[in-house]
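Peer 1: Next up is a structure, given as C-alpha cells.
Values quoted throughout were computed directly from the atomic coordinates according to the rules given, and no laboratory measurement underlies them. These figures come from a predicted structure and were not determined experimentally. Using ideal geometry, Cβ is built from the backbone for each residue, glycine included, and neighbour counts are taken over all protein chains shown.
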Amino acid sequence: MTTRVLYVEDNDQNYYLVKFILEAQGYEVVRARDGREGIELARTVDPALILLDIQLPVMDGYETARELRTIPGLAPVPVVALTSYAMAGDREKALAAGCTGYIEKPIDPTTFSGEIAAHLARSRSGGGSG
Ligand code: MN
C-alpha cells in the first residue's frame, strides 16, 4: 500500500524537490497550494502525513495547523511544519499551533525522506501527543 503524503506548499520549486525525493522512496504526494485547500484535501485524501509550509497565501501554516487539529479524524496524522532556518521562533510557533514536528528549510535531500519516515514511525507506534 502506498503511503500518501499531503504537502501544502505554494512554491513550485520546493514542491517539486520534495515530490521528487518522496516519490523516489515510494511515497505518493498530493499537493495543496494554500491552507484552505490543504484542509479540504486533508479531509478527503486520507493522508498518512501532512507536510505544511508556514508562509502560505490565504491562511498561514500556523492557522492551518490549528484548524487541522480541530478535525477529529486527523488526530493521529502527523503534521510536520517546514520552517525557515532564518525565522527564529518558527519552530516553537509551529509546535504551539499543533504541529507534530518540524523540518528546517532549505531541506537536506540526503536526510529528508529519513525524517519523514521517522515521523511516520512515531505516529504508528502511538507516541501520544507530546
Ligand atoms: Mn511558502
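Peer 1: When both residues are 6+ apart or on different chains and their Cβ atoms are under 9 Å apart, which pairs have a first residue that lies in the range 21-50 and is over 17 Å from Thr64 (Cα atoms), and a second that is assigned to a helix (DSSP H, G or I) and of a type in the set (Asp, Glu)?
Peer 2: Val29/Glu23
Peer 1: Residue under question is Arg91, and the condition is that it be out of contact with any Gly (no Cβ under 6 Å at 6 or more places or on another chain) and within 12 Å of the ligand (Cβ to nearest atom); does it hold?
Peer 2: Details: out of contact with any Gly (no Cβ under 6 Å at 6 or more places or on another chain): yes; within 12 Å of the ligand (Cβ to nearest atom): no.
Considered against the rule, which asks whether it is out of contact with any Gly (no Cβ under 6 Å at 6 or more places or on another chain) and within 12 Å of the ligand (Cβ to nearest atom), Arg91 comes out as no.
Peer 1: For the range 6-28, what are the residues that are within 16 Å of the ligand (Cβ to nearest atom) and not charged (D, E, K, R)?
Peer 2: The first filter runs over the range 6-28 and keeps only residues within 16 Å of the ligand (Cβ to nearest atom), leaving 6-19.
Passing the criteria: Leu6, Tyr7, Val8, Asn11, Gln13, Asn14, Tyr15, Tyr16, Leu17, Val18.
Peer 1: Follow-up. Hey, could you check the range 40-70 for residues that are part of a loop (DSSP other than H, G, I, E, B) and within 14 Å of Glu28 (Cα to Cα) and say which is farthest from the ligand (Cβ to nearest atom)? Explain how you work it out, then say what you get.
Peer 2: To start, the set of residues in the range 40-70 that are part of a loop (DSSP other than H, G, I, E, B) comprises 45-48, 54-60, 69-70.
Cutting the leftovers down to within 14 Å of Glu28 (Cα to Cα) gives us 45-48.
Values: Val45: 20, Asp46: 24, Pro47: 19, Ala48: 22 Å.
This residue is Asp46.
Peer 1: Moving to a separate point now. So how many residues does the range 60-76 have that are β-branched (Val, Ile, Thr) and surrounded by fewer than 19 Cβ atoms within 10 Å (Cβ to Cβ)? Show your work before the answer.
Peer 2: Keep residues of the range 60-76 that are β-branched (Val, Ile, Thr), which gives 64, 70-71.
Restricting the remaining residues to those that are surrounded by fewer than 19 Cβ atoms within 10 Å (Cβ to Cβ) gives 70-71.
Here the count works out to 2.
Peer 1: Determine if the range 72-91 includes at least one residue that is in contact with a strand residue (DSSP E or B) (Cβ under 7 Å, 6 or more places away or on another chain), among the aromatic types (Phe, Trp, Tyr) and not in a strand (DSSP E or B).
Peer 2: yes
Peer 1: Further question on the same structure: Limited to the range 89-130, what total is found for residues that are surrounded by fewer than 11 Cβ atoms within 10 Å (Cβ to Cβ) and closer than 15 Å to Tyr62 by Cβ?
Peer 2: Within the range 89-130, residues that are surrounded by fewer than 11 Cβ atoms within 10 Å (Cβ to Cβ) and closer than 15 Å to Tyr62 by Cβ number 1.
Peer 1: Hey, another quick one. Please verify whether Val30 is touching a Lys or Arg at 6+ places or on another chain (Cβ under 8 Å), more than 15 Å from Ile107 (Cβ to Cβ) and assigned to a strand (DSSP E or B), treating the condition exactly as stated.
Peer 2: yes
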